[in-house]
1. Which residue is nearest to ligand 2 (Cβ to nearest atom), if the candidates are limited to the stretch B:36-49 and must be facing chain A (nearest Cβ under 9 Å) and touching a residue at least 24 places away in the same chain (Cβ under 8 Å)?
2. Return the residues of the stretch B:70-115 that are within 7 Å of another protein chain (Cβ to nearest Cβ), aliphatic (A, V, I, L, M) and farther than 24 Å from B:Thr156 by Cβ; say none if nothing qualifies.
3. From B:Pro126, B:Pro120, B:Pro161, grab the single residue that is away from ligand 1 (no atom under 16 Å from the Cβ), over 23 Å from B:Leu33 (Cβ atoms) and without any contact (Cβ under 8 Å) to a residue 12 or more places away in the chain.
4. Is it the case that the stretch B:169-189 has a residue that's surrounded by fewer than 21 Cβ atoms within 10 Å (Cβ to Cβ), on the phi > 0 side of the Ramachandran plot and either hydroxyl-bearing (Ser, Thr, Tyr) or touching a Lys or Arg at 6+ places or on another chain (Cβ under 9 Å) (or both)?
5. Can you name every residue in the stretch A:207-261 that is among the acidic types (Asp, Glu) and over 23 Å from the mean Cα position of the chain (by Cα)?
6. When you go through A:Thr89, A:Thr85, A:Thr106 one by one, which is the residue that is within 30 Å of A:Phe137 (Cβ to Cβ) and within 14 Å of chain B (Cβ to nearest Cβ)?
7. Just to be sure before I move on: is B:Phe215 more than 27 Å from A:Gly84 (Cα to Cα), among the aromatic types (Phe, Trp, Tyr) and surrounded by 21 or more Cβ atoms within 10 Å (Cβ to Cβ) in the structure I sent?
8. So if I check each of B:Val216, B:Val263, which one is free of Cβ contacts under 8 Å to residues at least 60 places away in the same chain, outside any loop (DSSP other than H, G, I, E, B) and outside the structural domain of B:Leu150 (by TED's automatic domain parsing)?
Amino acid sequence: MLDALRYEWTRLRTLRSTYWMAGSGLVASAAIPVVLGLGANDEPLHADAVNLSVNGGASFVIPFLAVFMAVVGIFATGHEYRHGTIQPTLTALPQRSRLILAKILTVTALTSVVTLASIAINAALVLVFWGEVPGLFDDPVRSALLGYVAHNVIYALVGLGLGLLFRGVPSALVVIFLMPLIVETLIVGLTMVPALAWLVPAVKFLPFTAGAELMLTSPANFGPAAPDFGFFDRWASGGVFALFAALIIGAAWILFKKRDA
Amino acid sequence: MIAAKGLHKRYGKTVAVDDLSFEVRPGVVTGFLGPNGSGKSTTMRLMLGLDHGEGEGETLFNGERFTSIRRPMNQVGTLLEAKSLHPTRSARNHLAMLASANGIADARIDRVLDMVGLGPAKRKMPKGYSLGMSQRLGLAQALLGDPHTLMLDEPTNGLDPHGIHWMRDLLKSLAAEGRTIFVSSHLLSEMQLMADELVVVGRGHMIFNGDVDQFVREFTTSTVVVRSPFADAFVSVLEAKGASITEGDDGELVVSDMEIDHVGHLAFTEGIELAELSRRSASLEEAFMSATGAAEQFVAEMPIQTAQTAQTPEGAQHA
Ligand SMILES: Nc1ncnc2c1ncn2[C@@H]1O[C@H](COP(=O)(O)OP(=O)(O)OP(=O)(O)O)[C@@H](O)[C@H]1O
Ligand SMILES: [Mg+2]
């Protein structure tokens with residue numbers, strides 16, 4: 001297993017896109033506290049603002065860092081097929097389950113480290129503009145930031161699972177962008193049509209929507225017309241997202257063991 | 001030593017590999033021959049557990065399945081398709097990645113890159129590699145763990161003449177060290193110089209498994225070449241004894257269906273002066289053609305006649 005981890009680590013390290021994706025994620029996330037700091041540094045910081053600044057807008061707009069790390073996850077498996085490297089990989093490391101496990105562990109570790117780095121960078125930026133980061137180590141911000149790390153890891157693992165399931169990069173990218181941004185947003189929007197109100201109880205099971213609950217310091221606001229979706233609490237919602245990731249990875253894993261390389 | 005048993009693979013309705021069993025001995029080069037699409041690459045992938053076949057087929061490398069070998073690159077080196085490379089990962093990094101899974105030291109990476117002649121290009125990205133360069137990198141990959149067994153699928157593909165020559169010497173010397181070498185190729189003249197043993201397949205079936213000379217003898221008839229100032233007289237003597245004779249391009253007689261000593265004896269007893277009496281043994285290429293002719297799947301058309309050759313009587317004669 002150590003050999004497999006070394007292999008995966010070298011693979012990640014020698015890929016330019018790893019640096020591009022992590023770097024872009026860090027920069028995009030850091031842009032949020034900078035913009036807020038330039039525009040509103042005279043306003044007092046409440047928990048939501050601290051959370052939003054430190055997680056780079058992940059709980060409000062788009063989880064930039066999570067999306068970039070999901071691309072790293074997709075590349076971890078999808079690139080092997082896109083460039084045919086699965087074949088040298090499996091002749092260097094023919095134990096397929098060990099390979100998948102090593103990919104999961106390295107992507108998890110890298111995503112956690114990059115997310116923690118992003119939190120540190122953003123907290124430092126908040127400190128620069130406001131002179132303080134109130135309540136960073138107290139709830140609700142503390143739990144929301146831990147949730148942010150979990151959210152990004154799960155997001156990246158969904159990418160890894162999709163890349164392995166589709167054995168390629170483009171279709172996995174399409175799903176990871178389309179599903180949260182279009183499909184789930186559409187379903188949430190449709191619940192506001194009275195005739196489709198029966199969709200309301202399903203919303204708390206939408207994986208990416210549920211996953212976003214991990215990062216909140218106050219209930220999500222879907223607009224004035226939105227019904228009460230009755231979300232599970234932070235960690236249970238995270239469990240819904242994690243279960244989704246586990247299903248995708250599980251299916252991909254089973255197929256990977258059976259399929260021709 | 002490689003022992004493959006009952007390999008089988010089907011893609012939909014096409015049976016790519018049909019119950020192949022063979023052994024590859026150490027100390028010699030074993031050639032793997034067959035027409036396009038006859039299942040050579042698929043066989044190699046099955047042997048390595050890259051593809052999954054049906055049934056009980058399995059391949060043992062010194063008694064172990066490939067997929068259960070720990071750090072397999074130190075035991076079995078492989079070169080399958082060239083260009084299985086990430087376009088922006090340098091040759092050196094590509095090998096470093098594979099080495100990291102097999103406990104291979106960095107010094108060995110530079111060593112094999114120099115061995116295959118990629119030393120100067122090792123920091124370049126494979127997207128700028130020519131076919132021959134990718135192939136050399138593939139070879140470096142196969143040699144990386146200094147393995148006792150090599151499985152190479154068309155390693156000479158894309159190599160220049162020096163490269164092909166080098167490859168032949170390399171494989172022969174590795175075999176002489178007691179390693180097991182299993183190599184597929186379409187370059188039959190190379191194979192004839194290099195291989196001692198053959199596995200020949202056609203449409204997934206075994207056609208021949210044994211040594212090269214035996215293959216050539218089994219699938220060709222060797223002929224006897226005769227030159228004589230009294231050729232015409234000798235032809236009737238030979239034909240009377242049941243030989244079939246054709247005239248060669250240089251006016252020599254090519255005798256088949258008769259052993260060379262018999263031809264010599266007839267010349268002696270009939271008092272016919274001979275200028276040449278020699279045996280012409282067929283090449284591996286001829287044997288391959290006759291052995292696999294029926295198993296060929298992808299048969300090209302004969303060259304299209306141009307308008308000119310079709311019109312002139314001369315051209316017509318040639319055609
Ligand atoms: N992935 C695949 N899907 C469907 N059919 C395949 C696949 N791979 C190989 N085949 C079929 O299996 C047969 C054997 O192919 P294979 O590549 O093993 O032949 P080969 O002997 O290596 O040929 P070549 O000399 O051209 O390299 C062919 O009929 C081919 O069409
Ligand atoms: Mg082939």
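1. First, the residues of the stretch B:36-49 that are facing chain A (nearest Cβ under 9 Å): B:45, B:48-49.
Narrowing the set further to residues that are touching a residue at least 24 places away in the same chain (Cβ under 8 Å) leaves B:45, B:48.
Details: B:Arg45: 9, B:Leu48: 14 Å.
Within the stretch B:36-49, the match that is nearest to ligand 2 (Cβ to nearest atom) is B:Arg45.
2. Scanning the stretch B:70-115 gives B:Ala96, B:Met97, B:Ala101.
3. Details: B:Pro126 fails: without any contact (Cβ under 8 Å) to a residue 12 or more places away in the chain; B:Pro161 fails: over 23 Å from B:Leu33 (Cβ atoms).
When all the criteria are applied, what remains is B:Pro120.
4. no
5. Filtering the stretch A:207-261 down to residues among the acidic types (Asp, Glu) leaves A:213, A:228, A:233, A:260.
Across the stretch A:207-261, the qualifying residues are A:Asp228, A:Asp260.
6. Working: A:Thr89 fails: within 30 Å of A:Phe137 (Cβ to Cβ); A:Thr85 fails: within 30 Å of A:Phe137 (Cβ to Cβ).
Of A:Thr89, A:Thr85, A:Thr106, the one residue that is within 30 Å of A:Phe137 (Cβ to Cβ) and within 14 Å of chain B (Cβ to nearest Cβ) is A:Thr106.
7. Values: more than 27 Å from A:Gly84 (Cα to Cα): yes; among the aromatic types (Phe, Trp, Tyr): yes; surrounded by 21 or more Cβ atoms within 10 Å (Cβ to Cβ): yes.
Taking the combined requirement at face value, the residue satisfies it.
8. Details: B:Val216 fails: free of Cβ contacts under 8 Å to residues at least 60 places away in the same chain.
Selected residue: B:Val263, the only one of B:Val216, B:Val263 that is free of Cβ contacts under 8 Å to residues at least 60 places away in the same chain, outside any loop (DSSP other than H, G, I, E, B) and outside the structural domain of B:Leu150 (by TED's automatic domain parsing).
The values are calculated or read from the model by the stated rules, or taken from the named source; none is laboratory data. Keep in mind that what you see is a predicted model, and the values were worked out from it rather than measured. Note that each Cβ is placed from the backbone with ideal geometry, even for glycine, and that neighbours are counted across all protein chains shown.
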